[in-house]
1. Would you check if residue 3 is more than 25 Å from residue 100 (Cβ to Cβ), in contact with a helix residue (DSSP H, G or I) (Cβ under 8 Å, 6 or more places away or on another chain) and surrounded by fewer than 18 Cβ atoms within 10 Å (Cβ to Cβ)?
2. What pairs come out if I take residues in segment 39-59 that are surrounded by fewer than 20 Cβ atoms within 10 Å (Cβ to Cβ) and pair them with residues that are at pLDDT 95 or above and in a helix (DSSP H, G or I) whose C-beta lies under 7 Å away, six or more apart or interchain?
3. Residue pairs, Cβ under 9 Å, 6 or more apart or interchain, first in segment 63-74 and touching a residue at least 60 places away in the same chain (Cβ under 8 Å), second part of a loop (DSSP other than H, G, I, E, B). List them.
4. Going by the structure shown, is residue 83 under 15 Å from residue 99 (Cβ atoms), in contact with a helix residue (DSSP H, G or I) (Cβ under 6 Å, 6 or more places away or on another chain) and touching a residue at least 24 places away in the same chain (Cβ under 8 Å)?
């Protein structure tokens, strides 16, 4: 598995950011609010991919997609919230005024 060569993509039909690895999909489910805030609801990484940096890559690249769209986030998912707390200086500017860490 060459994680560096893989890219997270947005699947708007499923309302999730996805990272496909060896036929398996890690994803972050999201909802877009009335003011275009992106509510990051749930992160799921297949069991056999856990502990390999997949979740962190998925969150990081999802945040980059959101930032490129000039949107703000509300991290409802504990994994996403923890990632942002650990990298606050890099991602705090993306937090919606509705967000709580």
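1. yes
2. Cβ pairs passing all conditions: 56/83.
3. Here the result reads none, with nothing in segment 63-74 linked to a residue that is part of a loop (DSSP other than H, G, I, E, B).
4. yes
The values are calculated or read from the model by the stated rules, or taken from the named source; none is laboratory data. Note that this is a predicted model, so its numbers are computed, not measured. Here Cβ is always computed from backbone atoms with ideal geometry, including for glycine, and neighbour counts include all displayed protein chains.
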